[in-house]
1. Need a quick list: helices (runs of 4 or more DSSP H) entirely within the stretch 74-186 having at least 1 residues that are among the acidic types (Asp, Glu) and more than 18 Å from Met60 (Cα to Cα).
2. All but one of (1) free of Cβ contacts under 8 Å to residues at least 60 places away in the same chain; (2) under 18 Å from Glu140 (Cβ atoms); (3) touching a Leu at 6+ places or on another chain (Cβ under 8 Å) hold for Thr93; which doesn't?
3. Tell me yes or no: at least one residue of the stretch 136-147 is modelled with pLDDT under 95 and of a type in the set (Gly, Ala, Ser).
4. Consider only pairs whose beta carbons are under 7 Å apart and that are at least six residues apart or on different chains; among these, list those whose first residue lies in the stretch 144-161 and is within 18 Å of Phe119 (Cβ to Cβ) and whose second residue is among the small types (Gly, Ala, Ser) and surrounded by 14 or more Cβ atoms within 10 Å (Cβ to Cβ).
5. Exactly one condition in (1) in contact with a Pro (Cβ under 9 Å, 6 or more places away or on another chain); (2) at pLDDT 95 or above is false for Phe110; which is it?
6. Of the residues that make up the stretch 34-54, is at least one out of contact with any strand residue (DSSP E or B) (no Cβ under 8 Å at 6 or more places or on another chain), of a type in the set (Val, Ile, Thr) and closer than 18 Å to Leu127 by Cα?
7. Could you say whether any residue in the stretch 131-145 is aliphatic (A, V, I, L, M) and closer than 22 Å to Ser90 by Cα?
8. Of the residues in the stretch 81-133, how many are within 15 Å of Tyr159 (Cα to Cα) and touching a strand residue (DSSP E or B) at 6+ places or on another chain (Cβ under 7 Å)?
Amino acid sequence: MKILVMTFLLFSAHIAGQTKLKLIFMASDSTTVSEKNEYDSIWYSESKKIVEAMERISGMNFIDTLVIVHVVDMPSNSGGPDTPMRLRSSYPTLIKQGTLIHELGHRLHFCLKRRTKDFNDHELLFLYLYDVWLDLYGEEFAQLQIKAENKRSNKTNNYKEMWEKALKLGADGRKIKLKQMIESQK
């Protein structure tokens, strides 16, 4: 009982430092506890500025209030409205930070009411994600994330091609295209 009360108090104190969007990180097993703690630390110290930058730059607002996040040794995935997020445990710290923001970007899109057949979630995400990374952590960080993401290209998503297309637009072009895409999905 004493352990349960202590856990609740620690959890409550931790949640108090966060934004309206609460993330609860869970280790998949004993081998991912330190990685879970690392994600937890990133979120605890950065959550307010991450949420603020993502909403301000994208023009969208999170509808999630609580997200369960499983830290696992498998590819990251944003999950769904009723499904936990999954974050890869084995990434270096800076890639963990960028990946957390990437997957939150997908969850930010839950505010869009329509998803037409031609809607590409990554195409939309890449119109503001670079600018979020740039705003939060600078050019070197943003370039590191793109380099890491380009390696994740697969049959469904050619990240390298999508990143090249988004960056070629320039900051103003991305803003215009972002606004158009959001309007088409409302």
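1. So the answer is 139-150, 159-168.
2. (3)
3. No, that holds for no residue.
4. Partner pairs satisfying both residue conditions: Tyr159/Ser153.
5. With respect to (1) in contact with a Pro (Cβ under 9 Å, 6 or more places away or on another chain); (2) at pLDDT 95 or above, Phe110 is out only on (2).
6. Yes, the stretch 34-54 contains at least one residue that is out of contact with any strand residue (DSSP E or B) (no Cβ under 8 Å at 6 or more places or on another chain), of a type in the set (Val, Ile, Thr) and closer than 18 Å to Leu127 by Cα.
7. yes
8. So the answer is 2.
The values are calculated or read from the model by the stated rules, or taken from the named source; none is laboratory data. Everything numeric in this text was worked out from a predicted model, so none of it was measured. Note that we place each Cβ from the backbone using ideal geometry, even for glycine, and neighbour counts take in every protein chain shown.
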